[in-house]
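Novice: The following block contains the structure, expressed as structure tokens.
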């Protein structure tokens with residue numbers, strides 16, 4: 001929670017020495033509160049003041065870095081309960097569970113599939129982030145060997161899972177240089193597991209048995225000066241896990257309850273054996289605050305839809321998703337195929353391209369950069385207007401790809417057709433339908449003529 | 001320091017709306033969806049199963065295959081949905097009346113609505129083809145033909161709400177009011193309908209559904225904002241139960257339908273499309289949907305399990 005200028009003033013030396021280049025301590029305090037000055041600029045500030053201010057300035061939920069290199073990812077740092085209030089910050093990290101007791105080929109197949117789980121959608125790279133590796137053998141040496149093998153095959157972040165500190169030490173010896181997330185400290189092993197995480201400076205999952213014991217455990221871990229924590233409430237059914245996720249997020253944001261000021265991890269893979277239900281659980285936890293979601297199946301049919309949900313939920317509501325401005329081939333268009341234009345708001349693109357596809361009329365769809373706005377909004381804002389559209393058409397090279405000069409514009413901007421005609425004298429401007437649902441009929445009629 | 005869960009209770013609640021003529025009710029909750037630790041949800045969210053009257057031809061085989069015995073027979077389809085898939089409601093779409101398609105007369109479709117409403121014991125939603133002008137006639141005829149059944153007629157929108165609202169009033173039916181993903185437009189239509197004389201307790205709101213990947217986040221946030229306004233600001237015009245029209249939108253998505261042969265990077269299409277529908281439905285349930293309209297039997301089964309588990 002931010003301190004006011006007056007709160008900060010009380011903590012300053014009040015000598016008005018001016019060495020900070022601000023005439024009075026009060027004025028300096030006001031600048032600090034407004035983020036225009038730094039505390040270090042005051043040479044006489046006490047250590048207690050530094051701590052108090054650092055504490056007050058700390059975000060309500062810590063940001064934790066897991067893994068390293070190309071596939072490292074951040075989790076936490078969330079600021080709101082509802083995405084429309086601002087936005088959700090760090091997209092949910094999807095994890096795939098494997099085990100050191102799996103047969104060699106099964107393990108290899110899963111690790112390879114998880115590593116390959118990467119898709120480009122609307123200009124973003126969507127991917128599985130983490131491999132959760134469970135020690136079921138109970139054998140530290142074997143576990144370390146499996147972890148090394150996995151690290152050799154995949155650059156995904158790793159989460160070694162064992163509550164036995166000796167086994168975890170073996171794991172840390174094997175892959176500790178890859179910033180793995182250690183799973184897990186429990187009421188039984190916190191002292192030793194916490195000490196290991198602290199010594200090696202690694203992120204650590206704290207696993208409770210419900211939210212009350214999680215609160216206690218997290219507070220103890222904070223007392224050990226562990227800062228990179230991830231919280232597992234230990235619940236393993238939908239109703240309890242959802243309630244725990246809400247309690248933790250609300251606790252951190254509304255009650256400023258520090259032990260809950262960390263990202264969370266949940267395990268749909270341990271809540272059910274039914275693949276569809278596991279997908280549904282993962283989907284609900286993505287929407288309701290989970291930082292990391294561990295699932296069992298790396299297959300694309302499961303992971304791709306979940307990634308799309310993460311992309312949707314974590315989109316900044318203030319900043320609509322935009323697709324690249326260029327000509328898209330819908331079907332296999334040729335020189336006689338219709339040419340249409342619309343704006344680069346991702347939904348506009350998806351809906352229009354979907355309707356063209358459904359019409360089965362191969363077409364060229366030109367997407368004009370309208371800063372992610374839909375047709376009417378973009379037109380009103382001057383982003384989808386004749387000179388911009390004309391410039392796009394003239395620089396797109398579409399004239400070389402088709403042997404006709406007919407350009408279809410959205411029905412909602414029928415009023416610009418005259419002016420666009422002047423800007424594009426070689427082209428005949430045709431006014432298309434207002435609603436995307438009517439595109440199919442329109443195109444079929446167009447080619448029939 | 002022990003943790004005390006901050007509870008947020010509300011004096012306000014979502015209106016409880018009776019569907020059909022039995023004891024099926026929807027709404028009534030005084031909490032955000034499934035926040036059962038701080039209040040009540042006296043009625044479970046309901047699954048309405050889609051039934052079409054035009055023998056759909058262009059559906060993905062993934063969803064057409066399990067329905068192949070009933071696609072051409074809306075009455076058999078509705079019965080199967082009720083008896084085998086445990087539908088709470090039937091959502092009958094009179095798509096045959098679409099002027100861009102078969103353009104069947106309103107009267108003929110209304111007879112189908114009557115036959116379906118009589119064949120099942122669960123309440124029925126009757127949606128037109130969503131052609132603004134034709135729907136006025138179609139829904140009026142359907143209201144007459146199903147008089148006494150208290151069906152949900154819809155969607156009423158800003159251009160045809162007078163006809164649809166009057167039909168509902170005249171024949172004692174309920175109305176689904178649809179607006180394009182905007183809280184204020186939805187409130188405005190609710191006000192217009194109530195000015196017409198429709199009881200606010202007989203209105204459901206369909207805020208327009210964006211499927212996973214196709215605007216889900218907009219519907220998600222509109223539903224959350226609806227519930228927050230209803231419960232925390234006691235805003236009467238946002239206290240209607242919400243409908244999420246999931247099946248039709250989810251199965252429009254390219255990612256739900258494309259065969260793995262065309263899109264190998266997306267995986268097995270038989271499961272992918274079903275999950276697409278499941279994720280759209282379950283995320284909108286936690287956002288605030290009181291009714292989800294669904295299509296694929298496996299998706300319906302899974303979402304039922306979700307609701308069972310959340311209600312505990």
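Taken together, the values in this text are just the output of simple stated rules run on the coordinates, not laboratory data. Here the structure is a predicted model, which means the values were calculated and not measured. Please note: Cβ atoms are built from the backbone with ideal geometry, for glycine as well, and neighbour counts cover all protein chains shown.
Novice: Take every Cα pair under 8 Å in chain A that's 6+ residues apart, average their separations, divide by the length, and report that relative contact order as a whole percent.
Specialist: Relative CO of chain A lands at 12 percent.
Novice: Any idea what Rg and Dmax come out to for region B:141-293 if you just take the C-alpha atoms, in Å?
Specialist: 17.2, 54
Novice: Normalised by the number of residues in region A:63-313, what is the relative contact order in percent for Cα pairs under 8 Å and 6+ residues apart?
Specialist: Relative contact order of region A:63-313: 21 percent.
Novice: Return one quarter of the surface area of the convex hull spanned by the alpha-carbon atoms of region B:210-292, equal to its mean projected area, in nm².
Specialist: If I average the Cα hull's projected area over directions, I get 5.3 nm².
Novice: Something else now. Kirkwood hydrodynamic radius, computed over distinct alpha-carbon pairs, for chain B: how many Å, to one decimal?
Specialist: Computed over chain B, the radius equals 19.5 Å.
Novice: Would you calculate the convex hull of the Cα atoms in region A:327-448 and tell me its volume per residue in Å³?
Specialist: Taking only Cα atoms, region A:327-448 has a hull volume of 88 Å³ per residue.
Novice: Principal axis extents for chain A, Cα atoms only, whole Å, descending order, please.
Specialist: If we take the Cα atoms of chain A, the spans are 79, 71, 38 Å.
Novice: Per 10 Å bin, what is the whole-percent P(r) computed from every C-alpha pair distance within region A:5-57?
Specialist: 27, 66, 7
Novice: Oh, and also: Per residue of A:294-303, count partner chain C-beta atoms within 10 Å of its C-beta, then hand back the mean as an integer.
Specialist: Mean shielding count: 4.
Novice: Could you work out the equivalent-ellipsoid semi-axes for region A:303-352, taking the square root of 5 times each eigenvalue of the Cα gyration tensor, largest first, in whole Å?
Specialist: 27, 14, 7
Novice: Okay, next question. Taking springs between alpha-carbon atoms closer than 10 angstrom, which of B:150, B:55, B:30 fluctuates most in the Gaussian network model of chain B?
Specialist: Top of the fluctuation ranking is B:55.
Novice: Sticking with this one: Can you tell me which of B:34-42, A:161-169 comes out highest on packing, and rank the rest after it, using the mean Cβ neighbours within 10 Å?
Specialist: A:161-169, B:34-42
Novice: A further question on this structure: How big is the gap, in Å, between the Cα center of region A:411-436 and the Cα center of region B:89-132?
Specialist: Answer, in whole Å: 37.
Novice: Whole Å is fine, so just give me how far the alpha carbon centre of region A:19-82 lies from that of region A:323-383.
Specialist: If you average the Cα positions of each part, the centres end up 45 Å apart.
Novice: Rank the residues B:100, A:200 as a footprinting-exposure proxy: fewest other Cβ atoms within 10 Å of their Cβ go first.
Specialist: Going from least to most buried by this count: B:100, A:200.
Novice: If neighbour count is taken as other Cβ atoms inside 10 Å, put A:351, A:61 in order from fewest to most.
Specialist: The most exposed by this proxy come first: A:351, A:61.
Novice: On to the next question. How high is the relative contact order of region A:5-57, given as a whole-number percent (alpha carbon pairs under 8 Å, six or more residues apart)?
Specialist: 34
Novice: With everything on Cα atoms, drop me the angle between helix A:47-57 and the longest principal axis of chain A, reported from 0 to 90° to the nearest 10.
Specialist: Between the helix axis and the principal axis of chain A, the angle is about 30 degrees.
Novice: Please report how far the C-alpha centroid of region A:123-195 lies from that of region A:232-310, rounded to the nearest whole angstrom.
Specialist: That distance is 20 Å.
Novice: Oh, and also: Provide A:379, B:276 in ascending order of the number of other Cβ atoms located within 10 Å of each residue's Cβ, fewest first.
Specialist: A:379, B:276
Novice: How would you rank A:226-236, A:423-433, highest first, on the average number of other Cβ atoms within 10 Å across their residues?
Specialist: Peptide ranking by packing, descending: A:226-236, A:423-433.
Novice: Next question. Regarding region A:74-167, what is the average projected area of its C-alpha convex hull, in nm²?
Specialist: Taking a quarter of the hull surface, the average projection is 7.8 nm².
Novice: Computed FRET efficiency, Cβ-Cβ of residue A:405 and residue A:438, R0 22 Å: what is it to the nearest 0.05?
Specialist: 0.40
Novice: While we're looking at this one, here's another question. Within 10 Å of each Cβ in peptide B:255-267, how many partner chain Cβ atoms are there on average? Round it to a whole number, please.
Specialist: Other-chain Cβ atoms within 10 Å of each residue's Cβ, averaged: 3.
Novice: Same structure again: Cα atoms only: what Rg and Dmax, in Å, come out for the protein assembly as shown?
Specialist: 28.6, 90
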